[in-house]
Amino acid sequence: MVTFKRLAFVLASFVLAVVAASLFFVVVTVNGLTYLHIAQISLLVLCCLWLAWGFNTAVSGILSGQKRAAVPTSPQALAARRTAILMPVYNEDSVSVFARVAAMIEGLRRIGYQDAFDVHVLSDSTKAECVAEERRNAAILLAELGAAGRLYYRHREQNVGRKAGNIADFVTTSGGAYEYMLVLDADSLMRPETIVAMAARMEADPELALLQTQPLIIGRRTLFGRALQFSAALFSPIFSRGIATLQGREGPFWGHNAIIRIRAFAAHCGLPTLEGRPPFGGHILSHDFVEAALLARAGLKVEVHPDLEGSYEEAPSNIIEYAKRDRRWCQGNLQHGRLIGAVGLRLWSRVALVCGIMAYAASPIWLMFLIVSLLDPVLAPEPNYFPADSLFPVFPRPETGKALLLLFGIFVLLLLPKTLIAFGSAFGRQRRRFGGFIAVLAGATAELVMTSILAPIMMMFQSKAVMEILVGADSGWPSTEREDGSLPLKASFAASWWMVLAGAFGLVATWSYSPDLILWICPIAIPLVAAPFLITLTGDPAIGDAARRQGLFETPFEIDPEPVIADSVRWRARLAEANRPREHAAQPIDAPHALPDPA
């Protein structure tokens, strides 16, 4: 059944791309075929294939409607085969990290499952002040929660292998003490009932090696962050259902908010160091995709379960931080080009690696298509109305209808999935969770407008990232700034001045050489010229707060916060107070950091 769905999915995607390319071929070759036209058509085929792939994923999710039954379990059964909750950190805000840890420990205790889970904060921090604060907060939690034997802190002096090396170090030194590990990120938070359900599902299916949840975004104040948050809450579960339907037992691993069978991971997920220097050599950055492929190669199940709610994360609050994180992910995904042909990988695992590459390659492909399309009328030869084989003039046929049909088709691929999801939510029971019918449609419309305006900026950031990687620039391992804070216009301009020049050049060149295309270039060039202002405005918490007061981009987690979210906010205030310098003028308290013996 999964094979049939995949075949239909792939055929539908290629058919849509070929139809679009055929229409475009008729339109652009009306005056004859040139090398630029061949380039345009080739680039458009790739673009439309990627659009069709996303469109069909959404349609698969809308049509699937799958539900999984709850798996009953007891605290005693899970305690017998314990789970380690891993929280890797790297120069993070430790107050926020340990607040989330405390909330999850309290939640598990409240529902009676505390004996089945241990929490390990695995630090790779390189800044002395970060390490000191982490140890201090670990000591506070140990004392206030009475969590000795349930909470462990460890700091690696040599952070070899980055996050993948951090997890591997835990598996090597302490993995034998546990059956499963729930891998989180520093910004992850999970409902205790969801944590228990994940462990129970692993217990119920011995073939299941990795279970991935769909993390939703919480805690954002800026307009950019709130739009991401709303979009994730409304649209991501449907897209995840589509992914689950198509990938089956060769599903994704997104690196966090997933539970893994430790012995399977230890046996099959050793990662090689790629030959050569970064960005294409060295340690594998996007290790999660590769680890999922290796588990699937071993014949084990890797699944995403979108029905598991209560899985959360934070996200960068402005475009600059988002682009910085994206740059690291881009390098990791492009590395996968060296792994697609690895021996023994399942076909759909290879497809997933290609999709990860296309997630970033699509932006420069679109950019090249736009550049070639603007060059076409400038470099096109003068029309010849008297060909040598005809005694009469031959005039080009207008192909306006086909051009409009192609444009309409592209807009359908882009907009229809979100439109269907938005209206389905607005008219269904889901609308109450988002504040009602009007709130759903207003939020979806505003999100569409905002993402459309910001799309050229994101395209340029991703294109720059790809180009940097292709010329050999390494992203390094920068920590992500997740805190909401106003973004000065000076900082926005410093990050996007080159976009301003590119947008201005595009407008002037189009007006000078192809004035008929000026209206077509404006939706792309004007946001680029205004990039510093757009980045600053969408990264301003005050504007985001004003939008929230109007009910825009509200999510279920804001309208009706669940206990684990409220507890994390409460613990954050407590730890912030405890970490004030006046209370810790003396040497920082050093928390116990020995890990349990893996025997």
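The values are calculated or read from the model by the stated rules, or taken from the named source; none is laboratory data. Nothing here was measured: the structure is a model prediction, and the numbers come from that model. Backbone-built Cβ (ideal geometry, glycine too); neighbour counts: all protein chains shown.
Among the residues in the stretch 152-164, are any in contact with a helix residue (DSSP H, G or I) (Cβ under 8 Å, 6 or more places away or on another chain) and assigned to a helix (DSSP H, G or I)? Taking every residue of the stretch 152-164 in turn, at least one turns out to be in contact with a helix residue (DSSP H, G or I) (Cβ under 8 Å, 6 or more places away or on another chain) and assigned to a helix (DSSP H, G or I).
The residue list Ala204, Ala227 contains one member that is farther than 17 Å from Phe253 by Cα and crowded, with 21+ Cβ neighbours inside 10 Å, which is Ala227. Every test in (1) at pLDDT below 95; (2) in a loop (DSSP other than H, G, I, E, B); (3) more than 18 Å from Gly310 (Cβ to Cβ) is passed by Glu203 save one, and that test is (2).
Residues of the stretch 175-217 that are under 30 Å from Leu552 (Cβ atoms), touching a Pro at 6+ places or on another chain (Cβ under 9 Å) and among the β-branched types (Val, Ile, Thr): Thr213 alone.
If you go through the stretch 454-472 one residue at a time, how many are assigned to a loop (DSSP other than H, G, I, E, B) and either modelled with pLDDT of 95 or more or under 16 Å from Tyr360 (Cα atoms) (or both)? So the answer is 1. Within the stretch 27-41, the set of residues being surrounded by 15 or more Cβ atoms within 10 Å (Cβ to Cβ) and either free of Cβ contacts under 8 Å to residues at least 40 places away in the same chain or in a helix (DSSP H, G or I) (or both) comprises Val27, Val28, Thr29, Leu36, His37, Ala39, Gln40, Ile41.
Checking each residue in the stretch 522-536 for being in a helix (DSSP H, G or I) and either more than 26 Å from the chain's Cα centre (by Cα) or more than 19 Å from Ala227 (Cα to Cα) (or both) picks out Cys522, Pro523, Ile524, Ala525, Ile526, Leu528, Val529.
For the stretch 524-549, filtering for residues that are without any contact (Cβ under 8 Å) to a residue 24 or more places away in the chain and either surrounded by fewer than 13 Cβ atoms within 10 Å (Cβ to Cβ) or touching a strand residue (DSSP E or B) at 6+ places or on another chain (Cβ under 8 Å) (or both) leaves 2. Condition check for Ser22 on (1) touching a helix residue (DSSP H, G or I) at 6+ places or on another chain (Cβ under 7 Å); (2) assigned to a helix (DSSP H, G or I): one failure, at (1). A search for C-beta distances below 7 Å between a residue of the stretch 563-579 that is over 12 Å from Val97 (Cα atoms) and in contact (Cβ under 8 Å) with a residue 24 or more places away in the chain and any residue that is of a type in the set (Lys, Arg) and crowded, with 20+ Cβ neighbours inside 10 Å, counting only pairs 6+ apart in sequence or on different chains, returns Val564/Arg191; Asn579/Arg136.
Among the residues of the stretch 96-129, count how many are assigned to a helix (DSSP H, G or I), in contact (Cβ under 8 Å) with a residue 40 or more places away in the chain and more than 24 Å from the chain's Cα centre (by Cα). Give the steps one after another, and end with the answer.
Of all residues in the stretch 96-129, those assigned to a helix (DSSP H, G or I) come to 96-110, 114-116, 128-129.
Checking the rest, the ones that are also in contact (Cβ under 8 Å) with a residue 40 or more places away in the chain come to 96-108, 110, 115-116.
Now drop any that are not more than 24 Å from the chain's Cα centre (by Cα), which leaves 102-103, 105-108, 110, 115-116.
Of the residues in that region, 9 qualify.
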